[in-house]
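Only one structure is covered here, and it is reproduced in the block below.
The values are calculated or read from the model by the stated rules, or taken from the named source; none is laboratory data. All figures in this text were calculated on a predicted structure; none of them were measured in a lab. Cβ sites come from the backbone with ideal geometry, for glycine too, and all protein chains shown count toward neighbours.
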Amino acid sequence: MPRVMIVDNNAFARSRLKAIFEDLGWDIAGEAATGEEAVESYRLLDPDVVTMGVAMPEMDGISAAREIKKNDPEAKVIVVSALASQKDIVEEAVEAGAATCVPKPFSSEEIVKALKALER
């Protein structure tokens, strides 16, 4: 069963993503509320996919994605953020190693589409 780590400083967003992934039959490897927690947790949990918020305290999601990809070039990161509708943020996220970006508010269909993009 695939495993996901959900990273977002918004507890509601984490809860919503968790419900979507559980409905899809995924295991929740873990959750993090900051970029620093995400980098640390990724090393310990080794999830198949990471969903990453952008605007977070301590370390933003783009910096965290960059750090995760530096430590594991095969890491699969999906940015999920209200900022994902801004072209410059999307470009920066992809440059940092994100496979795709999903804007908030998101639907389960958008998450499924993002997961399919990882398969390419």
Hits in segment 68-84 (condition: of a type outside the set (A, V, I, L, M), touching a Gly at 6+ places or on another chain (Cβ under 8 Å) and buried (at least 20 other Cβ atoms within 10 Å of the Cβ)): SER81
Of all residues in segment 78-92 being at pLDDT 95 or above and in contact with a Ser or Thr (Cβ under 8 Å, 6 or more places away or on another chain), the one that is farthest from ALA55 (Cα to Cα): ILE78
Close pairs (6 angstrom Cβ cut-off, 6 or more residues apart or separate chains): more than 21 Å from ILE111 (Cβ to Cβ) in segment 56-84, among the polar types (S, T, N, Q) anywhere: PRO57/THR34; GLU58/THR34
For VAL112: the one exception among (1) buried (at least 16 other Cβ atoms within 10 Å of the Cβ); (2) over 16 Å from ALA38 (Cα atoms); (3) under 14 Å from the mean Cα position of the chain (by Cα); (4) in contact (Cβ under 8 Å) with a residue 12 or more places away in the chain: (1)
Residues within segment 1-51 that are of a type in the set (Asp, Glu), surrounded by 19 or more Cβ atoms within 10 Å (Cβ to Cβ) and touching a residue at least 60 places away in the same chain (Cβ under 8 Å), tallied: 1
Residue match in segment 91-105 (condition: touching a residue at least 60 places away in the same chain (Cβ under 8 Å) and either closer than 17 Å to ILE6 by Cβ or of a type in the set (Gly, Ala, Ser) (or both)): yes
Unique residue being on the phi < 0 side of the Ramachandran plot, part of a strand (DSSP E or B) and not hydroxyl-bearing (Ser, Thr, Tyr) when the list is VAL39, VAL50: VAL50
